[in-house]
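The values are calculated or read from the model by the stated rules, or taken from the named source; none is laboratory data. Treat the numbers as computed from the prediction; the structure is a model and nothing was measured. All Cβ positions, even for glycine, are placed from backbone atoms using ideal geometry, and neighbour counts span all protein chains on display.
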Amino acid sequence: MSLLPYKPPKTLRPLFIIHYAPLLLIIMIGPQTALFGIWPLPFPQWPAIIMGSIIFLAGTFLYFKWELFWHKTFQGQLVTTGICSRIRHAHYTSLLIVGYGLAFFFYSIAALLLATIAVPIMIISIFDEEKRLIKQYGEEYKTYMKKTPWRLIPHIF
């Protein structure tokens, strides 16, 4: 038995790659600013680095909170408790927060642009995923959508 019993179906694996690609690009391109002094953000460096560290840690905390909750709870059923009672797509939210945190930490315009490009990617993925979830869970998911109206950010989207 695996430590993490859930493995996404092979048909969903390319989607996971698309979700993580901007984050990986941020990690690869972001340090170029510090190493070569290219693409710096147009505001003071140290406040941006400190703010980026805080944002990154908050996103990492949310990611691991979701990850531990998900693997502890998910058994093939619709999960509507825990962090999922506040936002429907906590995983995507955490990835976006981590991406923006790293962009500020690296003090990089290029990384910030990549983090921003990730937003529509996640939104398109959410709409696509919600169609599949409605097909899979039916009325149960529709009820959950009404009870938890926020997809990524409470009171915004």
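Would you check if Leu96 is over 12 Å from the mean Cα position of the chain (by Cα) and in contact (Cβ under 8 Å) with a residue 40 or more places away in the chain? The answer is no for Leu96. Pairs please, first residue from region 41-54 and surrounded by 14 or more Cβ atoms within 10 Å (Cβ to Cβ), second anywhere and of a type outside the set (Phe, Trp, Tyr) and not in a loop (DSSP other than H, G, I, E, B), Cβ atoms under 6 Å, 6+ apart in sequence or on different chains. From region 41-54, the pairs are Leu41/Ala48; Leu41/Ile109; Gly52/Gly101. For region 56-83, what are the residues that are without any contact (Cβ under 8 Å) to a residue 24 or more places away in the chain and not in a helix (DSSP H, G or I)? Scanning region 56-83 gives Gln75, Gly76, Gln77, Val79, Thr81. Is it the case, given these coordinates, that Ile153 is at pLDDT 95 or above and surrounded by fewer than 16 Cβ atoms within 10 Å (Cβ to Cβ)? Answer is no for this residue. All conditions in (1) farther than 18 Å from Gly30 by Cα; (2) part of a helix (DSSP H, G or I); (3) touching a Phe, Trp or Tyr at 6+ places or on another chain (Cβ under 8 Å); (4) of a type in the set (Phe, Trp, Tyr) hold for Tyr92, with the sole exception of (3). Of all the listed residues (Ser125, Ser53), the sole one being modelled with pLDDT of 95 or more and either of a type in the set (Gly, Ala, Ser) or in a helix (DSSP H, G or I) (or both) is Ser53. When the criteria are applied in full, Arg132 fails the requirement of being farther than 18 Å from Phe56 by Cα and buried (at least 19 other Cβ atoms within 10 Å of the Cβ). Residues that are of a type outside the set (S, T, N, Q), surrounded by fewer than 18 Cβ atoms within 10 Å (Cβ to Cβ), at pLDDT below 90 and within 13 Å of the chain's Cα centre (by Cα): does region 67-83 have at least one? Within region 67-83, one or more residues are of a type outside the set (S, T, N, Q), surrounded by fewer than 18 Cβ atoms within 10 Å (Cβ to Cβ), at pLDDT below 90 and within 13 Å of the chain's Cα centre (by Cα).
In region 22-40, what count of residues is obtained for those that are under 20 Å from the mean Cα position of the chain (by Cα) and surrounded by 15 or more Cβ atoms within 10 Å (Cβ to Cβ)?
7
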